[in-house]
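Taking it in order: structure first as structure tokens, then the write-up.
Read-outs throughout are calculated quantities, based only on the coordinates presented, and are distinct from any laboratory measurement. All values derive from a computational prediction rather than experimental measurement. Neighbour counts run over all protein chains shown; Cβ positions are idealised from the backbone, glycine included.
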Amino acid sequence: MTAADRAPAAPAEDGDRPVRATIWVRGKVQEVGFRWWTRARALEIGLNGYTSNLGDGRVQVVAEGSQPDCERLLAALRGPGTPGRVTGVTEIWGPTRNCYDGFALR
């Protein structure tokens, strides 16, 4: 992972404050069950949001919850157990919008 792959996270003392992580996953991540797998991990963690395929072959994930929980999902997305082949993960952090109920596939 390079510095360009990771935007700075919110300060640690704000760890319990809800955040929004918008994540783009590159590699062979479409047509391999990646969105379903991501949704299952997000629901296990207790996050709200969605995951969707993008036209350029990436998968976008929008996750809202506590920063530690969003970090858990990021670790899973970067880990060895993902379906397909992940070659890169980039994220940006921001305030939650509180507009999701559950975790959807789009």
Got a number for residues in region 54-101 being aliphatic (A, V, I, L, M) and either over 14 Å from ARG39 (Cβ atoms) or in contact with a Cys (Cβ under 6 Å, 6 or more places away or on another chain) (or both)?
7
For ARG41, which of the numbered conditions (1) surrounded by fewer than 19 Cβ atoms within 10 Å (Cβ to Cβ); (2) within 13 Å of the chain's Cα centre (by Cα) fails to hold?
(1)
Those residues that are closer than 15 Å to THR87 by Cβ and loosely packed, with under 15 Cβ neighbours inside 10 Å, I need them from region 44-66; list them, please.
LEU54, ASP56, GLY57
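Here's the yes/no breakdown for (1) basic (Lys, Arg); (2) over 15 Å from ARG106 (Cα atoms); (3) free of Cβ contacts under 8 Å to residues at least 24 places away in the same chain:
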position: TRP37; (1), (2), (3): no, no, no
position: ARG41; (1), (2), (3): yes, yes, no
position: GLY46; (1), (2), (3): no, yes, yes
position: GLY65; (1), (2), (3): no, yes, no
position: LEU74; (1), (2), (3): no, yes, no
